[in-house]
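Asker: Just dropping this structure here.
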Amino acid sequence: MTRANNLIMQRKVSREIFMKYLYSRSVSNVGWEGLCQDLDTFLDSVEDDALEIHKSHGGEDIDMLESYREVLLDSSYLMDVAKAVEENIEAIDTYINKFARNWTTDTMPAVDVAILRLAIAEIKFMFTIPEVVACDEAVNIAKKYCDDDAYKYINGILGSVMKA
């Protein structure tokens, strides 16, 4: 696998793992402070998930003698996105509540909110990620984890966020 393809794979795995982290934080009602610090503990518990996600994207078997984090995850991305969410959670939720017609972060399914929070953090607060990539990845994650048509309204909300 080329270095660029490897980085793309690491980013896909990291993005899905981080969405699961946001979901777990949301459903456990622990708040958003200390997101960056707690991420490390969360990553210790998701090695099997990361490997499964890696394989679901066509990744090859890896030598588990190596640290799975070094092989499967993009650690700088994870730190950057955790910082973006922690520092901007109110603004991120404001975007969701503004553009999700008849829904709020409190009434929407938690997994949908986690996907939106991740994508909006990438679109509005991580300038190294093209908006269209963040939106496409969010739609793909929604197709995998959400109800059948959820990806459509997630795409619509993110389209509005990109124009805002």
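The values are calculated or read from the model by the stated rules, or taken from the named source; none is laboratory data. What you see is a predicted model; the values in this text were computed from it and never measured. Glycine gets a Cβ as well: all are built from the backbone with ideal geometry, and neighbour counts include every protein chain shown.
Yes/no per residue for (1) touching an Asp or Glu at 6+ places or on another chain (Cβ under 8 Å); (2) closer than 22 Å to residue 11 by Cα; (3) of a type outside the set (Gly, Ala, Ser):
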| residue | (1), (2), (3) |
| --- | --- |
| 85 | no, yes, yes |
| 126 | yes, yes, yes |
| 140 | no, yes, yes |
| 164 | no, no, no |
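Asker: What number of residues in the stretch 56-90 are small (Gly, Ala, Ser), part of a helix (DSSP H, G or I) and loosely packed, with under 13 Cβ neighbours inside 10 Å?
Answerer: Count: 2.
Asker: Pairs please, first residue from the stretch 91-118 and in contact (Cβ under 8 Å) with a residue 60 or more places away in the chain and more than 23 Å from residue 80 (Cα to Cα), second anywhere and in a helix (DSSP H, G or I) and hydrophobic (A, V, I, L, M, F, W, C), Cβ atoms under 8 Å, 6+ apart in sequence or on different chains.
Answerer: Final answer for the pair search is 99/157; 99/161.
Asker: How many of the residues making up the stretch 36-55 are farther than 23 Å from residue 86 by Cα and surrounded by 13 or more Cβ atoms within 10 Å (Cβ to Cβ)?
Answerer: Qualifying residue count for the region: 7.
Asker: Can you pull out every residue in the stretch 50-75 that is farther than 17 Å from residue 137 by Cβ and modelled with pLDDT of 90 or more?
Answerer: The one that is farther than 17 Å from residue 137 by Cβ and modelled with pLDDT of 90 or more: 75.
Asker: Quick one: how many residues across the stretch 30-55 are touching a helix residue (DSSP H, G or I) at 6+ places or on another chain (Cβ under 7 Å), assigned to a loop (DSSP other than H, G, I, E, B) and of a type in the set (Val, Ile, Thr)?
Answerer: Going through the stretch 30-55 one residue at a time, the tally reaches 1.
Asker: Further question on the same structure: What's the number of the only condition in (1) more than 20 Å from residue 140 (Cβ to Cβ); (2) not in a loop (DSSP other than H, G, I, E, B) that residue 18 fails to meet?
Answerer: The single condition residue 18 does not satisfy is (1).
Asker: Looking only at residues that are among the charged types (D, E, K, R) and buried (at least 17 other Cβ atoms within 10 Å of the Cβ) in the stretch 12-35, which one is farthest from residue 70 (Cα to Cα)?
Answerer: Filtering first and then ranking leaves 25.
Asker: Within the stretch 115-141, restricting attention to residues that are farther than 17 Å from residue 105 by Cβ and among the charged types (D, E, K, R), which residue is surrounded by the fewest Cβ atoms within 10 Å (Cβ to Cβ)?
Answerer: 136
One line per residue, one yes/no per condition, for (1) touching a Ser or Thr at 6+ places or on another chain (Cβ under 6 Å); (2) within 29 Å of residue 162 (Cβ to Cβ):
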{"position": "28", "(1), (2)": "no, no"}
{"position": "96", "(1), (2)": "yes, yes"}
{"position": "104", "(1), (2)": "no, yes"}
{"position": "108", "(1), (2)": "no, yes"}
{"position": "119", "(1), (2)": "no, yes"}
{"position": "130", "(1), (2)": "no, yes"}
